[in-house]
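Encoded as structure tokens, the structure appears first; notes follow it.
Rule-based calculations on the coordinates, nothing more; no lab input. Note that the structure is a prediction, hence the values are computed from the model and not measured. With ideal geometry, Cβ positions are generated from the backbone for all residues, glycine too; neighbour counts draw on all protein chains shown.
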């Protein structure tokens, strides 16, 4: 058995790692998958940097930020796999939900945003303080998508609201205590607020950017280079775990597995509800674990937009090469899986499900668009970045 | 930079450990030490204190918030660099192993940083050692209680005296190559499953 140590944060999309360990997919590949639960993304980064862990459940923009030198103790990281699509939402306090009028269906991000824009105008006119939103990390899809959504709805994220960082599990309490008016966080912390009656899901990641990743499997490029067979075995195990997690027939078993103390250690009722709720994550369908370089580049474009990094051809190349579809393709094809033929796609080209070029079988993707109907063509990155603006 | 005037914040959810670190800092000549154990309002407290050194426990879930605040937030005016630069991998490993992280303002004297870190690492390690010892003492007490209850059960159901009941337990454990406490546990478990035959306190 080859030991692989993996750090994870107790969130729903750690499912793939937990299932691969508990259901034997890792062992089948000769891998002894040792999971270490962590309390902060900073700890995950530090343990990776000193070699306490080999791989980790990471926020999708995190390895990109590390390679761009934006985080302390940056080690060269790669992401050869995504750990699912969707999986987070924007939840607001009951008071804000009520003030918005009738936000309606969480799938309608445009309507929710328009109502929020109007409410922010009313608050400003009556001299009320800025609304405060929580996200889990500056280099998270939560932060970048919340900002994208706000800006597209005419709200300037750094002027019209306040965005603060808070650990995921603290969000519902902060909402209940009035420390936050809303947050963007991974499941189960949106469902938790709804079940406790302290918040309502306003809209979802799926509605803002359909079928986009929230977490990836991160590892140091050095470790991956030294252990190519272990990487391929781990990707195979996680791919099979993803298929199991994505089968609706396994929903109850998955909830129970995650509830165990050596899983996420959370209430089974909460997990059951989250797995079926509006912010549920997609683990397998639509090539959910494929590390699209267009996803990496879109995150990069938003990091540039919000001043986290300056745009240059070198930086763009580093961001693109952080995601490694080549490693994924080699491992998953050898394991009999189905893989897209391309490494990148135009985000927003598919307005509904559609067949795409694939190896190993037929593959249906999409929709993959943004709620404001803008498309992102990774081959025209400079134009996209130049056209980005912040609401005046 | 005068040691006595440097503001240091110790952020730890464990007040006992925070107190040990605080005492260590005072011994090193730092007098402006602030222990922050409350999660709520942490950002505001730090913004007001503007500490030159922050010592934080690695298990603290607010590390991401703190780092973001130190890097970009408008609230803190002074640039704060994280200690343990890349060249000093060993001390970084030692710190992470011990479960402590530190953040330091740019320009804070390296030798002072080093001695603060060494103190924090050794006290964090000493604290975990104490915790482990306490835990094993608790486990030993619990084990003794289990064995005592099993002994009483045997004495009652088999009519044996205490010494004979204990040797029976020990002999069974040796035969099965198990610990005495494990045999005692399974005995109590089967008694409770069979019902009615449990120990009568």
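Can you order the peptides A:296-304, B:104-112 by their average number of other Cβ atoms within 10 Å per residue, highest first?
Result, highest mean first: A:296-304, B:104-112.
Any idea what the relative contact order of chain B is, in percent, if you count C-alpha pairs under 8 Å spaced at least 6 apart?
16
Just the number: Rg to Rh for segment B:134-194, Cα atoms, Kirkwood Rh, two decimals.
Rounded to two decimals, Rg/Rh equals 0.99.
Report Rg(Cα)/(2.2 N^0.38 Å) for segment B:3-132, keeping two decimals.
0.97
When DSSP assigns beta bridges and you keep just the ones with both residues in chain B, what percent turn out antiparallel, to the nearest 5?
If I count the DSSP bridges inside chain B, around 45 percent turn out antiparallel.
What number, rounded to the nearest 500 deg cm²/dmol, is the helix-based mean residue ellipticity at 222 nm of chain A, given -39500 (n - 2.57) per DSSP H run of at least four residues and division by all its residues?
My calculation for chain A gives -12000 deg cm²/dmol from helical runs alone.
For chain A, what is the percent of antiparallel DSSP beta bridges, rounded to the nearest 5?
Roughly 65 percent of the DSSP beta bridges within chain A come out antiparallel.
So what are the radius of gyration and Dmax for the Cα set of segment A:138-191, in Å?
Over segment A:138-191's Cα set, Rg and Dmax evaluate to 11.3, 30 Å.
Find the Cα radius of gyration of the protein assembly as shown, compare it with 2.2 N^0.38 Å by division, and give the number to two decimals.
Dividing the Cα Rg of the protein assembly as shown by 2.2 N^0.38 Å gives 1.08.
With an 8 Å Cα cut-off and a minimum separation of 6 or more residues, compute the relative contact order for segment A:1-75 in percent.
37
Just to verify a number: FRET efficiency for residue A:334 and residue A:117, C-beta to C-beta distance, R0 = 51 Å, to 0.05?
Efficiency, rounded to the nearest 0.05: 0.55.
Once you place label points 7 Å from the Cα toward the Cβ at residue A:346 and residue A:250, how far apart are they in nm?
If labels sit at residue A:346 and residue A:250, their model points lie 3.6 nm apart.
Does anyone have the angle between helix B:180-194 and the longest principal axis of chain B? Alpha-carbon axes, 0 to 90°, nearest 10?
70
Given contacts defined as C-alpha pairs under 8 Å and at least six residues apart, what's the relative contact order of chain A, whole-number percent?
Contact order relative to length: 23 percent.
Take every DSSP beta bridge whose two residues both sit in segment A:88-208, then give the antiparallel share in percent to the nearest 5.
60
Scaled to the compact-protein estimate 2.2 N^0.38 Å, what is the alpha-carbon radius of gyration of segment A:88-208, rounded to two decimal places?
0.93
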